[in-house]
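A quick write-up on the structure given underneath.
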Amino acid sequence: MSSAEQAPLLEIKNLTVQFGGLKALSNIALQLRPGEVVGIIGPNGAGKTTLFNAISGFVKPQKGEFTLYGEERAWLAPHQLIGQSLSRTLQGVGLFQDLTVFENVLAAVEEEKRSTLQNAFLGGSDAQDLERAHMALENMYCASLEGVKASSLSYPDSKRVALARALVTNPKILLLDEPAGGLGAQEIAWMKQLIHNIKVKTSILLVEHHMDVVMEVCDRIYVLNFGELIAEGTPEQVRNNPAVIAAYLGSGATA
Ligand SMILES: Nc1ncnc2c1ncn2[C@@H]1O[C@H](COP(=O)(O)OP(=O)(O)O)[C@@H](O)[C@H]1O
Ligand SMILES: [Mg+2]
């Protein structure tokens, strides 16, 4: 069965988010199916991060329907994100600066464990938790950084650690907000490969300005402009869409 025939892991309809008089998102509809990498592109201020914030419960929509794993449900509240098999990385990096690399990743394991045991978990980390954190860091080639404080990391290293933290819980859905932002050419090539590897087990929503990354790794792309969905389709369709070229690809995008 191709991914297009499978029930979506995540489905959004009529999503509207307003900040005072500003409509950051207007009637957005979106689907993410198993095995897909779906791109969200558009100029700065288009509403991409707000979309991620709505999905992960960081902002409360004024309107819209939210279906997760085939079940229609209320939009998440921030504390409900853990335990949903849904991870995100932040547009910044968002590590706990005073903790070590290892402690940052272990914290995600412990948070998830507490949520699945419905707050009954009071003990510390066991050997299996430590091993999971270690393996997640090793997968991101960060094992040698385990004892380093997050505040001392280089920017590319901190992005890899943030990915390890997002992936250590084996999420079904991963939201990546500008993973290639601020990286050099070699690190971007690594990021593309990484996304290919991740998608085997985890479906991805990807916000990214580097169009070479988007066009190469995405199965489908949604284009936002001033909070409205102006196009959706395959990379080929989106690249050749006159409205998309006028709003975004012709000017601001990184080639
Ligand atoms: N918490 C907020 N309060 C008020 N306005 C916001 C808030 N978050 C985002 N916005 C506004 O919503 C619009 C969309 O922002 P954002 O989602 O960050 O865009 P993008 O990620 O596409 O650059 C922008 O005009 C931004 O200034
Ligand atoms: Mg943003």
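We did not get these values from a lab; they are worked out from the coordinates using the rules stated. Keep in mind the model is a prediction, meaning the values are calculated, not measured. Cβ coordinates were reconstructed from backbone atoms using ideal geometry, including for glycine residues, and neighbour counts include every protein chain displayed.
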Rounded to the nearest whole number, the Stokes-Einstein translational diffusion coefficient of the stretch 95-170 at 25 °C and 0.890 mPa s (Kirkwood radius, C-alpha pairs) in µm²/s is 199 µm²/s
Taking a straight Cα-to-Cα line shorter than 27 Å from residue 13, and setting aside same-chain lysines fewer than 8 residues away, one finds 23, 48, 60, 63, 172, 199, 201
By Cβ neighbour count within 10 Å, fewest first, 211, 140 rank 211, 140
Rounded to the nearest 500, the 222 nm mean residue ellipticity computed for the chain from DSSP H runs (n ≥ 4, each -39500 (n - 2.57)) alone is -9000 deg cm²/dmol
Lys and Arg at +1, Asp and Glu at -1: neighbours of residue 177 with Cβ under 13 Å from its Cβ sum to +1
Residues other than residue 239 with Cβ under 12 Å of its Cβ, Lys/Arg counted +1 and Asp/Glu -1, net out at -3
Place a point 7 Å from the Cα of residue 116 in the direction of its beta carbon; the residues of the stretch 84-106 whose amide N falls under 13 Å from it are 84-86
So for R0 = 22 Å, FRET eff. of residue 22-residue 69 from the Cβ-Cβ r, to 0.05, ends up at 0.10
Averaged over all viewing directions, the convex hull of the alpha carbons in the chain casts a projected area in nm² of 14.3 nm²
Computed from the beta carbon distance with a Förster radius of 35 Å, FRET efficiency for residue 148 and residue 58 to the nearest 0.05 stands at 0.80
The rounded separation in angstrom of the Cα centers of the stretch 202-255 and the stretch 177-192 is 17 Å
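Over the stretch 187-255, consider all pairs of different Cα atoms and compute the Kirkwood hydrodynamic radius from their mean reciprocal separation; express it in Å, one decimal.
Mean inverse Cα-Cα distance, inverted, gives 12.7 Å.
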Nearest 10, in degrees from 0 to 90: the angle of helix 185-198 to the longest Cα principal axis of the chain is 80 degrees
Mean projected area, convex hull of alpha-carbon positions in the stretch 13-122, reported to one decimal in nm², is 8.9 nm²
